[in-house]
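Okay, structure first, notes after.
The values are calculated or read from the model by the stated rules, or taken from the named source; none is laboratory data. For clarity, every value in this text was computed on a predicted model and none was experimentally measured. Cβ placement follows ideal geometry from the backbone for every residue including glycine, while neighbour counts extend to all protein chains displayed.
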Amino acid sequence: MNAIELKLFSSRVSGICDEMGLVLGRTAFSPNIKDRLDFSCALFNADGELFAQAAHIPVHLGSMAFAMKFIISAVEWQVGDTLILNDPYLGGTHLPDVTLVSSVFVEDPEGINRLQGFVVNRAHHANIGCDSPGSMPVSSSLEEEGLLIPPTLLTRNGQLQAQAIELLGLDRQDCSEEDIQLNGDFAAQAGANELGVRRLQKLIVDMGVESYSNCITELNAYGERIAASVIAEIENGLYEFEDFLDDDGQGSTQIKLVLAMDVSSEKIELDFSESSAQVPGNMNCPESVVAAAVFYCFRCLMPEEAPACAGLFKRFIIKTRPGSIVNAQRPAAVAAGNVETSMRLVDVVFGALATALPDRIPAASQGTMNNVAMGYVGSDNEERWDYYETLAGGIGASPSMDGLDASHSHMTNTLNTPAESLEMHYPLRIRNYSILSESGGAGLHSGGNGLFREYEFLQQAKVSILSERRNNSPWGLKGGLEGSSGKNLLNGESVAAKSSFDVKAGDKLLIITPGGGGWGSPVED
């Protein structure tokens, strides 16, 4: 296969993921998916190896790539099957992220349907059955975080399954099981997968099964060659870095994340075993989230045209310690591990790489997603509303340019919800939404600035905040200064980085997000 044919194949399969994403975003009901774009789409071969993805959420896609082989082993797959799950310890990340995996079968010349791959999407649900509105509580056990969905058949041969109907609480009143339909964001996810299945089936039929399989093999070989070329640019040796999470909301502080990165000519081993033990709070994460952070960091070092495939990541070996914050054991709480710890793992990997590649690695970005969840649950549950968003901040400066202001970075690739959409859907008003000047670290290249976002509550509600970099500021590089830390203020009074509280009509919550670190010593006037 020549380079042009390989590029065409890569573009075609990536295009399927892009189209799935358009369908999901356009048909979803919640602002969390349709406005913030908190979802991801990907394709896997019959062995569960990634061979295409859209440029969606790195923490979703990297963790799926790491865990998919286990996920698909749970089912004897048939035509029209779709699996649903969110269990962090069985291939998920945290409970709000719900994954749908659909089988792709194609008829062979003998008329037998054979499994050729899977289409997958993962989307964040603001209400996953948690008592705390927004389903991002300051929790101390998995049970507190909402509905746990183990790998379960949502459909078999295209028909909704009774177990899934019961698990998801679908309305069975006045209709038969055959008449029950998915609704809301679940229907949008299912529709995106249905489109992906049709598109991939057509591509395989047009190409032929053998040619399709050969293309995936060639794509993975190409990806591995790209990874090898990146590794060859790094001098062999052991590179170490450590950073500290502020706290877990349950009394643990200065929680250590440690990396020993051993670079050889053939592979890179990343050992996180010396990181802190798992904590009582929800900063813990499953190993799949660690893999997502590692894959993302090294993907950033690769050419833009590098295909998103399993071959790209085969030379990166990850080691963790069971029972640690980066390989938590059930029933440890994990709601913030997927969002906050993942961001800081990126800082740790880039921190180690900064020694190995001093002229390529940027300073630390804001290092948090600034999770804000809120809502109200009436006595009859009919008045319930749930809202969740992450907030942008400063991006770290690089050796060649200043950091960007008020941008989502690294493990999140979402958008801030437009104020107009938020105010239309919820009893909220945005009083202040602006860039925080001079919050980025000074340097030869300055870090990006964080932002202000102030909410006014128009009725009573409950709020949960999961945030980081309130004590430990984003670091600079090569003499660049730290970015400013973030703050959370309720009616002008400081609120803890991990906190849950009730508000009444007229209360105002101000979130100030961190700035990015500077790069290089500041130039004196």
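Here L490 fulfils each of the conditions (1) out of contact with any strand residue (DSSP E or B) (no Cβ under 9 Å at 6 or more places or on another chain); (2) of a type in the set (A, V, I, L, M); (3) surrounded by fewer than 20 Cβ atoms within 10 Å (Cβ to Cβ) apart from (1).
Any residue in segment 251-266 that is farther than 14 Å from V326 by Cβ and assigned to a loop (DSSP other than H, G, I, E, B) sitting within a Cβ distance under 7 Å of a residue that is β-branched (V, I, T) and modelled with pLDDT of 95 or more? List the pairs, counting only those 6 or more apart or interchain. So the pair list comes out as S252/V279. For segment 343-370, the set of residues classified as buried (at least 24 other Cβ atoms within 10 Å of the Cβ) and either among the acidic types (D, E) or at pLDDT below 95 (or both) consists of D347 only. Just give me the residues in segment 180-204 being loosely packed, with under 13 Cβ neighbours inside 10 Å and within 22 Å of A54 (Cα to Cα), in sequence order. Answer for segment 180-204, where residues must be loosely packed, with under 13 Cβ neighbours inside 10 Å and within 22 Å of A54 (Cα to Cα): just K202. Whether a residue is among the acidic types (D, E), over 17 Å from E240 (Cα atoms) and in a loop (DSSP other than H, G, I, E, B) was assessed, and D386 does not pass this test. Of all residues in segment 102-119, which are assigned to a strand (DSSP E or B) and out of contact with any helix residue (DSSP H, G or I) (no Cβ under 6 Å at 6 or more places or on another chain)? Those that are assigned to a strand (DSSP E or B) and out of contact with any helix residue (DSSP H, G or I) (no Cβ under 6 Å at 6 or more places or on another chain): S103, F105, E107, N113, R114, L115, G117, F118.
If the condition is being touching a Gly at 6+ places or on another chain (Cβ under 6 Å), under 26 Å from G378 (Cα atoms) and of a type in the set (G, A, S), then segment 487-522 contributes no residue at all. When C297 is tested against the conditions (1) over 28 Å from V13 (Cα atoms); (2) buried (at least 18 other Cβ atoms within 10 Å of the Cβ), the lone failure is (1). Within segment 59-99, the set of residues being outside any loop (DSSP other than H, G, I, E, B), in contact with a Lys or Arg (Cβ under 8 Å, 6 or more places away or on another chain) and surrounded by fewer than 24 Cβ atoms within 10 Å (Cβ to Cβ) comprises Y89, V98. Scanning segment 493-522 for residues that are of a type in the set (S, T, Y) and crowded, with 24+ Cβ neighbours inside 10 Å returns a single hit, T513.
Only residues that are surrounded by 18 or more Cβ atoms within 10 Å (Cβ to Cβ) and either acidic (D, E) or part of a loop (DSSP other than H, G, I, E, B) (or both): list them for segment 474-484, please. Answer for segment 474-484, where residues must be surrounded by 18 or more Cβ atoms within 10 Å (Cβ to Cβ) and either acidic (D, E) or part of a loop (DSSP other than H, G, I, E, B) (or both): P474, W475, G476, K478, G480, L481, E482, G483, S484. For F313, are the conditions met, namely being modelled with pLDDT under 95 and either aromatic (F, W, Y) or assigned by TED's automatic domain parsing to the domain that holds I395 (or both)? Answer is yes for this residue. For segment 295-312, which residues satisfy the criterion of being more than 16 Å from the chain's Cα centre (by Cα) and over 22 Å from K69 (Cα atoms)? Hits for segment 295-312 are L301, M302, P303, E304, E305, A306.
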